[in-house]
Structure formats: C-alpha cells, structure tokens
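A.B. asks: For reference, the structure I am asking about is given below.
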Amino acid sequence: MSVTSGQVVEILRAAGEPTRLRILALLFREELSVLELCTVLGQSQPRVSRHLKLLAEAGLVERFPDGAWVFYRLAAQGGGRALVEGVLALIVPDDAALAVDAERLSRVTAERGAEAAAYFARNATHWDEIRSLHVAEAEVEAAIHDLVGEAPMGLLVDLGAGTGRMLTLLGGLARRSVGLDLSQQMLNIARLNVSEAGLAACELRHGDIFDTGLPADCADLVTVHQVLHYLGDPAAAVAEAARLVAPGGRLLIVDFAPHALENLREQHQHRRLGFSDEEIGRWMSDAGLAMEAATALPPARAGLTVKIWTARRPALADRSAA
C-alpha cells in the first residue's frame, strides 16, 4: 500500500524516537501487553502508554483491549507496516539497545512459558475435565464432526494436541495423523489415548506450534483446539497452521468468543480472553485461506461461548480459474 510524502513524514516522526523505535522492534516479535512492555523497557506505564498512543495515532500499531488487559501489535496493514519493517531491517543485528530489550523479552516469555508448563503438568491428568467446565464437550465434538464430515483424508495435523482428543475424534478419517505439543505430560496421556483408540498410523511429537518443522501444503486438515488463548502471538500460530494446509484442505480452530472472565488468566493461564470473528477471519485471510464458517456454541447458562472457525485453502484448479 502506497502512502503520500506527508504520511511518510508523520510515520517517521512517530517512529523517530529511541523508546518508540524500541517498542516497534519488540512488537515486531510478538503482541505484548502494556505491562509487559513496561517490564522490558524499564519505564513507567504512563510514559509507555504515551509512546503507544503516538504510535497508534500514526497507524503503526494496533491497540486492542482484552478484558482488563490491553495488548498492542504492529499494524497488520497499511504503508506504515512496510516502512517499519524496512527501518528495522536496516538496524545491525547486534545493536546493543535492541539486544538488551530482546534478552529482557526472552525472560518475560520464558517466565510466561514456565508458568503455563507448570499449569499443564499439574492438570494433565484431568485436562478434559477442566475443558468440560466451560461448555459441553459432546456438543462441541458433534459440531466438529458436522463441519469436518465423513470423507476420508490423507494427513490430519493437530497442533497443541493436549490429551489427543482431536486425534481420537477425527483420526479414523485419516490415513495418517500427527499431533504436536510442548508438554511431555500431555503427550504421554495422548499416546495412551491414541493407543486405546486403535490409531496405529498416528504420530505424536514434541513440537512447537510456531515452528512445527512440517512441510508446507502437507495436510488435508489442520486442527487447533483450545490453544490460541494460551499463546503470546496467536496470529503467528494461525499463520503456521495455515502454512501446513494443502490446496483444497482446511484449517479448523476451536476457541472462545470474547468474554470477561479475568480469573481465567490467573487460575488457568489464559493469556487472551477469546477472539472475535473479525480477528480470526483476518488472520486466516492474511494466510491465504477463505473463511467457510464461524459456528457459535453458547453455554446453557452463563459462561463461555465456544467458537469453531473453518477455512479452506483454494484448490489449485480454483486458483488457475481465478
């Protein structure tokens, strides 16, 4: 997207301050809360918030409230994004100031990951029970079945496999299935569940949802079941999941609609309090997928609404026709 010379001046003026440039470099890595930015930068919240306000007014960052928290990320679209990426690319890799920030961010991320890992380890043996507290799992699984259908497929990939529920639910349709998770405790339970389900052609790997190591365009169906709300950069996870989807294949994401249950952050390590259709749809579109359905499953009483989003990568014939 092109911008006018006046807009370039405004963008450079907004970015041309040491702290604001540091903020842009941090948000280039992942979306962050205001508190996390304050921790990394070693500055007060009012000062950081002032810098963020200027960057947002210049269209360089996006602000989005999430319950009682506020997150920021680089603007997904517009000429400002391209200009920021170009400026950051000019900075030497060993720049001292940005290296210090990167190290501090890695510590923040490591602490966040350690807390999540400890939580998963404590709760691995009754993980499905915890999930059932939010909405009837049988209703969710029936909706997933309806959306996926009964047609056989080649490869099923489940990212953040947990106890292997998506693999046991859908693995019978696939000639081969692969599940990835960072929690060894979860994988141990998944292996038992997969074995009991008689899924011989199912492989469970210790793997990162942001860097799966799987080839592009390899899977007929990729599932991401109740994972995104734990992640520091859910958009990057959606992009990696979409990268795996073969032409004509589909991506299925299950998570929560936006809600205000703040206790889930402290008690259950949720980082994001749900996602909107617009947000998920934009991430899928940016990754080259076409949204097919956004199914809402509200609880019988007050609580969390589960959403199921599906998107398809156009088949090669569709691309050539277009």
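A.B. asks: Which condition breaks for Val306 when tested against (1) surrounded by 20 or more Cβ atoms within 10 Å (Cβ to Cβ); (2) in contact with a strand residue (DSSP E or B) (Cβ under 8 Å, 6 or more places away or on another chain); (3) under 21 Å from Arg29 (Cα atoms)?
C.D. replies: (3)
A.B. asks: Can you name the residue in segment 8-20 that is within 18 Å of Val100 (Cα to Cα) and surrounded by fewer than 19 Cβ atoms within 10 Å (Cβ to Cβ) and is also nearest to the chain's Cα centre (by Cα) among such residues?
C.D. replies: Residue satisfying both the conditions and the ranking: Thr19.
A.B. asks: Another question, if that's okay. As an exercise: evaluate Ser177 against (1) surrounded by fewer than 17 Cβ atoms within 10 Å (Cβ to Cβ); (2) out of contact with any Pro (no Cβ under 9 Å at 6 or more places or on another chain); (3) more than 25 Å from Arg272 (Cβ to Cβ); (4) of a type outside the set (A, V, I, L, M, F, W, C) and give the number of the one condition it does not meet.
C.D. replies: The number of the failed condition is (1).
A.B. asks: Out of (1) in contact (Cβ under 8 Å) with a residue 24 or more places away in the chain; (2) under 18 Å from Gly249 (Cβ atoms), the odd one out for Asp181 is which?
C.D. replies: The one condition Asp181 does not meet is (2).
A.B. asks: Only one of these is within 22 Å of the chain's Cα centre (by Cα), modelled with pLDDT of 95 or more, surrounded by fewer than 20 Cβ atoms within 10 Å (Cβ to Cβ) and not assigned by TED's automatic domain parsing to the domain that holds Leu26: Asp211, Asp233, Asp217. Name it.
C.D. replies: Numbers: Asp211 fails: modelled with pLDDT of 95 or more; Asp233 fails: modelled with pLDDT of 95 or more.
Of Asp211, Asp233, Asp217, the one residue that is within 22 Å of the chain's Cα centre (by Cα), modelled with pLDDT of 95 or more, surrounded by fewer than 20 Cβ atoms within 10 Å (Cβ to Cβ) and not assigned by TED's automatic domain parsing to the domain that holds Leu26 is Asp217.
A.B. asks: Something else now. For segment 21-46, give me the residue count where each residue is assigned to a helix (DSSP H, G or I) and either out of contact with any Cys (no Cβ under 6 Å at 6 or more places or on another chain) or surrounded by 13 or more Cβ atoms within 10 Å (Cβ to Cβ) (or both).
C.D. replies: Of the residues in that region, 18 qualify.
A.B. asks: Sticking with this structure for a sec: For segment 263-306, which residues satisfy the criterion of being under 16 Å from Leu228 (Cβ atoms) and of a type in the set (Asp, Glu)?
C.D. replies: Hits for segment 263-306 are Asp277, Glu278, Glu279, Asp286.
A.B. asks: When residues of segment 57-83 are filtered for being assigned to a helix (DSSP H, G or I) and under 30 Å from Pro258 (Cα atoms), how many remain? So that I can check it myself, show each step before the final result.
C.D. replies: Initial filter on segment 57-83 (assigned to a helix (DSSP H, G or I)): 57, 79-83.
Add one more test, that the residue is under 30 Å from Pro258 (Cα atoms), and what stays is 57, 79-82.
Selection size over segment 57-83: 5.
The values are calculated or read from the model by the stated rules, or taken from the named source; none is laboratory data. Since the model is a prediction, treat every value here as computed from it, not as a measurement. Neighbour counts are summed over all protein chains in view; Cβ atoms, including those assigned to glycine, are modelled from backbone coordinates with ideal geometry.
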